[in-house]
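Novice: Have a look at this one.
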Amino acid sequence: MKKERENHKLIIHPTQKPTELTEKLIFSRINGNNGRTLIPFAGSGSECTVAEINNIEYLGIELNPEYENDLKSFHSLFKGRRCEAW
């Protein structure tokens, strides 16, 4: 985990979006919780985490191995609960 900002609790990746925004983006493209989403730049894992919390099938892809541990760390922090701690 890299840094903390006033309105963002965990900033892991330089282009990480707030989970509330990610949730809105995902739900704007699917019907209910029955959709699937592709996350081509998984980075910190925040998008994957939002999808999993909302029971949405997802495929996250990240080519940069530097983010693998960060992705797993972020994902484990929110597993089993909503991402409202931003």
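Novice: Of the conditions (1) touching a Lys or Arg at 6+ places or on another chain (Cβ under 9 Å); (2) within 18 Å of Leu71 (Cα to Cα); (3) surrounded by 15 or more Cβ atoms within 10 Å (Cβ to Cβ); (4) of a type outside the set (Lys, Arg), Leu59 clears all except one; give me its number.
Specialist: Condition not satisfied by Leu59: (3).
Novice: Could you grab the pairs with beta carbons closer than 8 Å, sequence gap of 6+ or different chains, first residue in segment 56-70 and touching a residue at least 12 places away in the same chain (Cβ under 8 Å), second one among the polar types (S, T, N, Q) and surrounded by 10 or more Cβ atoms within 10 Å (Cβ to Cβ)?
Specialist: If the second residue must be among the polar types (S, T, N, Q) and surrounded by 10 or more Cβ atoms within 10 Å (Cβ to Cβ), the pairs left are Ile56/Asn33; Ile56/Thr37; Glu57/Thr37; Tyr58/Thr37; Leu59/Thr37; Tyr67/Ser44; Asp70/Ser44.
Taken together, the values in this text are just the output of simple stated rules run on the coordinates, not laboratory data. Note that the structure is predicted; figures quoted are calculated from it, not measured. Cβ atoms come from the backbone with ideal geometry, glycine included; neighbour counts cover every protein chain shown.
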